[in-house]
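Worksheet: one structure, shown below.
A short reminder: the numbers here are calculations on the coordinates, not readings from a lab. Predicted, not measured: the structure shown is a model, and the values here were computed from it. Positions of Cβ are generated from backbone atoms using ideal geometry, with glycine treated the same way; all protein chains shown enter the neighbour counts.
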Amino acid sequence: MSLHCWSSTRYAITLPEGHRFPMSKYSLLREGALSQRLVAPERLHEPSRVAHADLHRVHTTDYVDGVEHGTLDPAHQRRIGLPWSEPFVERAFRVVQGTIEASDHAVTHGIAMNFAGGTHHAFPDRGEGFCVFNDVAIAIRRLQSQQRIRRACIIDLDVHQGNGTNAVFAGDDSVYTFNMHGAKNFPFHKVASSRDEELDDGTGDDEYLTRLESALPEVVRAARADLVVYLAGADPHEGDRLGRLKLTFDGLARRDELVLRTCRETGTPVCVTIAGGYGRDITDTVRVHLQTVAAAARFGE
C-alpha cells in the first residue's frame, strides 16, 4: 500500500522577520518526502478549500466570518499569533480540508497523512497559539455526520496540550482525547482530556516512551474507535525552541512506531497530522516530520 498525503504549500504566509512560526517547514517537508521517495508524486495531493458548512460543524458563524473577512479585533488576531492576510485565510481553509480529505481516505484505505494540521488550540469561537480552525475536530464531526464512523480517538503527542480540541469534545464520550504534553508549557490554562499524561521539563526518551507504551493499550481499549487521528508533533525534540523536553531523533521515531503499530495491531485506521515543531535549526524539525512520514509509509507493509 502506498501512502497518500495532502500538502497546501502554495499558500504561504509572509511573516515578520524573527517570527517564531517556521512557515518554511511545510515546503521543506514536501520536498523531502518527494526527494526521499517516501511519497509518490501522484499520491501527494493539493487540498481544495473547505466548505463553510464543514467549518460550522465546530466553529461559530461570527468567528468564521471574522477570520474570512479580517474583522477579528486586533487582540484576537494577536492571540492567534499570525497576521491576517488573504494567504492567511486561504491557507487556513485548505489546511482543514487537507485533514478532511486525509481522514476520509484513511477510513477507507487504512492510513493517510496531512503535511500540516493538528491545529489543536482552536476553540469554537476563537483561535490561539498559531491555530485558526480546529481541523481534527472538524474532520471527525464530518465523518460522524456521514455515519462513516461512530467513535474516534485523538492521540495528541504535540508537546503542548490540545486545549481547544478537548473543549470541543468535552462531555462527548464518542471521541476519546489522549494528550501527552509538557505540564508547565503552553497553554497555561489546560482543558482536561479523556486522559492526560503530564511531563516535567527535561523529560527524555526513556521516561517518555515507557509512559507512552504503558498508556497506549489502555487508551485504545477505552476509545473503541473507528478512527485514530494522530498529532505527531515534532516539538518534543531536544532542539525545539518551545518544547522544553529532551527527546532525540531516535526517541521520536520510536514514538511514531509505537503509535502506528498499536493502530495496526488493533486494525484501526489512522489519519496523521504534523502539529507543531519550532526547531532552533529548522532542518531538525523537518527531519522529525520526515521520520513520521517514513513510519506512516511502512504502516501497511
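Quick notes on this structure:
- The equivalent ellipsoid of the chain has semi-axes of 25, 22, 21 Å, largest first, where each one is the square root of 5 times an eigenvalue of the Cα gyration tensor.
- When both segment 163-241 and segment 71-146 are represented by their alpha-carbon centers, they are found 19 Å apart.
- Highest-first packing order for the peptide set 254-260, 90-96 is 90-96, 254-260, based on the mean count of other beta carbon atoms within 10 Å.
- Percentage relative contact order, segment 22-297, counting C-alpha pairs under 8 Å, at least six apart: 21 percent
- Here the gap between Arg150 and Thr283, fully extended at 0.36 nm per residue and compared with their Cα-Cα distance, gives a gain of 44.0 nm.
- Sparsely packed loop sites in segment 158-188 (the chymotrypsin sites (Phe, Trp or Tyr not before Pro) outside DSSP H, G, I, E and B with at most 13 other Cβ atoms within 10 Å) comprise Phe188.
- Mean residue ellipticity (222 nm) of the chain, computed from DSSP H runs ≥ 4 via -39,500 (n - 2.57), nearest 500: -13000 deg cm²/dmol
- FRET efficiency estimate (nearest 0.05) - Cβ-Cβ, His69 to Glu46, R0 25 angstrom: 0.55
- Loop-resident GluC sites (Glu not before Pro) (DSSP state other than H, G, I, E or B) in segment 1-75 with no more than 15 further Cβ atoms inside 10 Å of their Cβ: Glu17.
- Positive-end extreme of charge dipole, the chain - chosen from Ala139, His181, Val191 (charges on Cβ): Ala139
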